[in-house]
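Worksheet: one structure, shown below.
The values are calculated or read from the model by the stated rules, or taken from the named source; none is laboratory data. Keep in mind that this is a model prediction, so the values were computed, not measured. Neighbour counts are summed over all protein chains in view; Cβ atoms, including those assigned to glycine, are modelled from backbone coordinates with ideal geometry. Heavy atoms of the whole protein, side chains included, go into the accessibility calculation; ligands, DNA and RNA do not. Shrake-Rupley method; radii C 1.70, N 1.55, O 1.52, S 1.80 Å.
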Amino acid sequence: MMTPDWIANARLPAATLDPPPPGPVDAEGLVLADLKLDAGRIAAIAPPGTAPAEGTLDLDGGQAWPCFVDLHTHLDKGQIWPRAANPEGTLDRAREATRADTIAHWSAEDVAARFEFGLRAAFAHGTAAIRTHVDAGVPGQAAITLGVFRDLRDRWAGRVTVQAATLQLLELYDGEAGERLADLVAESGAILGGLTRRTGPDFDAAAMDARLDRLFALAAARGLDLDLHVDENGDPESRTLAQVARAALRSRFRGRVTCGHCCSLAVQPEDVAAETIALVRDAGLHIVSLPMINLYLQGRIPGGTPRWRGVTLLRELRAAGVPVALASDNCRDPFYAFGDLDALEVFRESVRIGHLEAEIGAWPTAVGRIPAGVMGLPDRGVIRVGAPADLLLFRGRSMSELLSRPQSDRIVLRGGRRSDATPPDHRELDALRGIRGDA
Ligand SMILES: [Zn+2]
């Protein structure tokens, strides 16, 4: 059935329903319902048993989720692993390998082919909106990559909403060059980004504060949101998350501020972490955690086994009222050798890594409603009458069933119509320069 009129006996995450369900919600936050679809939209959310026999796709208790929102990816870096491997698996080595690959290979054609490969994978797995960071550290690269972004964003409109944020050290916003980059970001309809972390014993916190003030001013002057990579390390003294929160409060910033990673929060003394979490909440920051990449890059010991998971304080942040998203981050590049932009994999691994099952009913919003709010997409991540019938239909009934298998047989509905998209074959990338060792 390509375009069912009804989806029957679906278990819906209650946290994705707007308004909340009137009926009983089970211990995993799921509610059984029938969904009426009409003209590509959700037309009714009805008690089970409402759907007629004809024209109905019966899920037999399987879950139905809104299509995913993936808030933090790196589509410009994706798929370069064959020519930029990182056998040591460290963050420093990943940065070096990526920089060398950027200088050697990142023409518009190269970036576009890999960027679109990522979009096709995400689309096939059921993602409706995605934000990518674009590396802006190598001179001239931001203009090339943002050009690719604008083109692909426009060509993919209606299938996947694509947003981009720049990624570079804050010192690169100093002076005229910083103004020019901020202008380019504004002209591209993108988001201002950057990297904050303690860089060693000679780290100058006051200089970081000044640079954050400049960054917030550059964003405010252009009406831009901010999306930063923050404290992606296991150094308890790396406390720039609190600095970002204070900068947001100082500037009375009106845009949305998202902080990714925030790994070091997890290795700080309890009182220090609690104080930072309260600041983050008061400043209205959004946190996005990238658990699969943290597990990969953090805690590397030469020849040894990692001793910590690398993820931020997911449960404590959520409990304090901070909006927390979970996202993909890197795919098949020096920062992560694996990955396919499947937000269900991200969700599944995050639950296991972060012990999220105790509050499992709240967490589907981390790959839906919460990132949709950050991206300014009120119709995404929700199951609501009038919203697009962009739905993921799973065989898994309980969370244990859902998260025990990859759900590769999921049905993706786009505008009420069953999608036949499949993830692209990795062999398609063989034609890119250097991927098969022929650079
Ligand atoms: Zn990232």
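Structure notes:
- Enumeration of residues in region 15-39 that are within 23 Å of Gly373 (Cα to Cα), open to solvent by 20 Å² or more (accessible area, probe 1.4 Å) and of a type in the set (A, V, I, L, M, F, W, C): Ala15
- Residue selected from region 278-309 under the condition within 16 Å of the ligand (Cβ to nearest atom) and of a type in the set (S, T, N, Q), by the criterion surrounded by the most Cβ atoms within 10 Å (Cβ to Cβ): Ser289
- Filtered by the rule that a residue be within 16 Å of the ligand (Cβ to nearest atom) and surrounded by fewer than 24 Cβ atoms within 10 Å (Cβ to Cβ), region 333-345 gives Ala337, Phe338.
- Any hit, region 165-181, residues being more than 16 Å from the ligand (Cβ to nearest atom), touching a Lys or Arg at 6+ places or on another chain (Cβ under 6 Å), under 24 Å from Phe253 (Cβ atoms) and not in a helix (DSSP H, G or I): no
- Cys262 passes every criterion in (1) more than 30 Å from Ala220 (Cα to Cα); (2) open to solvent by less than 10 Å² (accessible area, probe 1.4 Å); (3) within 13 Å of the ligand (Cβ to nearest atom) apart from (1).
- Conditions (1) at pLDDT 95 or above; (2) surrounded by fewer than 21 Cβ atoms within 10 Å (Cβ to Cβ): number failed by Ile80: (2)
- Within region 376-401, the set of residues being among the hydrophobic types (A, V, I, L, M, F, W, C), over 21 Å from Lys36 (Cα atoms) and surrounded by fewer than 22 Cβ atoms within 10 Å (Cβ to Cβ) comprises just one member, Leu377.
- Scanning region 122-156 for residues that are open to solvent by less than 10 Å² (accessible area, probe 1.4 Å) and of a type in the set (Phe, Trp, Tyr) returns Phe149, Trp156.
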